[in-house]
Amino acid sequence: MIEPELHDKELQKALAEKLAPFVGRTLGLAVSGGSDSRALLELAADWARETNGELLVATVDHGLRKEARNEAKWVGEICAQRGIPHDILVWDNWDGQGNLQAQARRARYHLIAEWAVAGGVATVALGHTADDVAETFLMRLARSSGVDGLARMRSEFEREGMLFTRPLLSMRRESLRMFLRERGATWVEDPSNQDSRFERVKMRSVLRELEACGLETKKITQVAENLKQASIALKTYAAKEAEAAMKVEDGDALLDWEQLKKMPEDIQRRLLIGALSWVSPSEYSPRSRALTQVFAQLTDQGTSTLSGCILTLKSNEIRIFRELSAVSEPVETHGSAAFDWDNRWHISGGFPEHARVGALGEQGLAACPEWRASGRKRQSLLSSPSVWVGAELVAAPLAKKHKYLVATPLRDKEDLIRILLSH
């Protein structure tokens, strides 16, 4: 742990160790202008000079404060002084509904990933610190999170097709601010960081009280690290169990009910979450209460629904398939020779003019008299890909209609195992 009394050299050395894998590659920085990301910019600029590295910087303007645009321009001026390219990314899609912070966070990652891919960036560095680890731990503790939720946030992760890294996770916020003061560097104070209506702000206040009682941030982050190691062990165990107890078939996930019942409850939940995520990718995992309800409904009724999936229990086998109502809206093919649909299927072949890809549904299945010859389950076929021109079904590859189009699952069992290891 880097303590507040450590200065430039120690911080520079610590960051260089974290960024060593990215030497020779273009590194992106997400810089808001707050003290954490401002320190990241200073330290990364030092690192780039030492390694002859290339940096690109982006600042997201969420459009929620009138000062935000000027703050973003200020970051751009600092970058210009150092010869570092800088872009301002604007989010203006909030409709005033839902959780503002959650939506802003999703939008932020989307904008940054899109910007990074366009700029040829290999990795984007974020300014999260040890203080963020402790605050997140307390927030999730208040929600009764399990091992995975309480585990220390990952130093590297992938989102929106881009690799993100957090090289400051072992550093304290006050250490970084001391570093900035010594350089005569300033930073932006976002007034929302003082707004007690936000959960994270409340937890910062709680942290100060806990530290006064001897429960320091350093100790909390160590507990989070311990839980991270426990989480890795449980994920590894779950992936091993999945090798024998799970299989995939035409976009469906299947679990052996008898084997599942013999496993520890935590592993049962992990396998079910992994299967649901494989069939119907979602940003968030279902809550524990919802999973408990699903197991109860499968036992009592033989069927349940969750996360855009339908689950059935028959002949000691749970089959999980895509719920028709959750399938993506029909999409125009624009004459493409190959097409990905619903994040599940790759369709290739000859598309007729003005064609669109959508779910087969009841109407489409009725137009496929030979569907039973496919050997596939009726409910699975309902959400399978099909090609339409107007109201006419012209192809349903999985239901034995039109041999010139082929539908291939985008994910296989190896992807399912990866989900179990990463979620």
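Data for the structure
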{"read-out": "Compactness relative to 2.2 N^0.38 Å, alpha carbon Rg of the range 347-423", "value": "1.23"}
{"read-out": "Long pairs among Lys261/Lys413; Lys9/Lys202; Lys262/Lys314; Lys219/Lys261; Lys235/Lys261, criterion Cα-Cα beyond 27 Å", "value": "Lys9/Lys202; Lys219/Lys261"}
{"read-out": "Listed residues Ser231, Val389, Ser155: farthest to the positive end of the dipole of the chain (Cβ charges)", "value": "Ser231"}
{"read-out": "The range 16-92 - percent of accessible surface contributed by carbon and sulfur, probe 1.4 Å", "value": "45"}
{"read-out": "Relative contact order, percent, the range 264-388 [alpha-carbon distance under 8 Å, six or more residues apart]", "value": "18"}
{"read-out": "Heavy atoms of Ser285 accessible to a 1.4 Å probe, total area in Å² rounded to 10", "value": "60"}
{"read-out": "Accessible carbon and sulfur surface of the range 246-379 relative to its total accessible area, %, 1.4 Å", "value": "47"}
{"read-out": "Calculated P(r) of the chain - Cα pairs past 35 Å, %", "value": "42"}
{"read-out": "Hull volume in cubic angstrom per residue (convex hull over the Cα atoms of the range 7-50)", "value": "69"}
{"read-out": "Volume in Å³ per residue [convex hull over Cα atoms, computed for the range 290-423]", "value": "130"}
{"read-out": "The range 2-75: relative contact order in percent, alpha carbon pairs under 8 Å with at least 6 residues between", "value": "32"}
{"read-out": "Given Lys377/Lys401; Lys240/Lys377; Lys247/Lys400; Lys18/Lys218, the pairs whose alpha carbons are separated by over 21 Å", "value": "Lys240/Lys377; Lys247/Lys400"}
{"read-out": "Amide H partners (placed H, <5 Å) of Asp340, local residues excluded", "value": "Ile347"}
{"read-out": "Accessible area expressed per residue, the range 326-423, with surrounding protein chains retained (probe 1.4 Å, Å²)", "value": "52"}
{"read-out": "√(5λ) per eigenvalue of the Cα gyration tensor, the range 30-149, largest first, Å", "value": "26, 20, 14"}
{"read-out": "By accessible area with a 1.4 Å probe, ligands and nucleic acids excluded, highest first: order of Leu141, Leu410", "value": "Leu141, Leu410"}
{"read-out": "Built amide H within the under 5 Å cut-off of Val90, gap 5+", "value": "Asp61"}
{"read-out": "Mean Cα-pair separation over length for the range 215-298, i.e. relative contact order, pairs under 8 Å, 6 or more apart, %", "value": "21"}
{"read-out": "Size of the range 188-334 as Cα extents on the principal axes (Å, biggest first)", "value": "58, 46, 31"}
{"read-out": "Dipole moment magnitude, nearest 20 debye, the range 72-191 about Cα centre, only Lys, Arg, Asp, Glu C-beta charged", "value": "340"}
{"read-out": "Fraction of beta bridges assigned by DSSP in the chain that are antiparallel (%, nearest 5)", "value": "70"}
{"read-out": "For Cys309, residues with placed amide H under 5 Å, excluding near neighbours", "value": "Glu323"}
{"read-out": "Cα extents of the range 331-379 along the three principal axes, largest first (Å)", "value": "30, 21, 17"}
{"read-out": "For the range 173-180, 3J(HN,Hα) per residue [Karplus equation, 6.51 cos²θ - 1.76 cosθ + 1.60, θ = phi - 60°, Hz, x = Gly/Pro]", "value": "4, 5, 4, 5, 5, 4, 4, 5"}
{"read-out": "Residue-by-residue Karplus 3J(HN,Hα) for the range 215-226, coefficients 6.51, -1.76, 1.60, Hz, glycine and proline x", "value": "8, 7, 4, 4, 5, 5, 5, 5, 4, 4, 5, 4"}
{"read-out": "Surface accessible to a 1.4 Å probe, Ile419 within the full protein complex, Å²", "value": "20"}
{"read-out": "Value of [θ]222 nm, deg cm²/dmol, for the chain, DSSP H segments ≥ 4, -39500 (n - 2.57) each, nearest 500", "value": "-14000 deg cm²/dmol"}
{"read-out": "Percentage of interatomic Cα-Cα distances in the range 279-336 larger than 19 Å", "value": "39"}
{"read-out": "Estimated vicinal HN-Hα couplings, Hz - the range 369-376 in sequence order (Karplus 6.51, -1.76, 1.60; Gly, Pro = x)", "value": "x, 9, 4, 5, 5, 6, x, 9"}
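The values are calculated or read from the model by the stated rules, or taken from the named source; none is laboratory data. All figures in this text were calculated on a predicted structure; none of them were measured in a lab. Glycine also receives a Cβ, built like all others from the backbone with ideal geometry; neighbour counts cover every protein chain displayed. Protein only, heavy atoms only, side chains kept; ligands, DNA and RNA dropped before computing areas. Shrake-Rupley method; radii C 1.70, N 1.55, O 1.52, S 1.80 Å.
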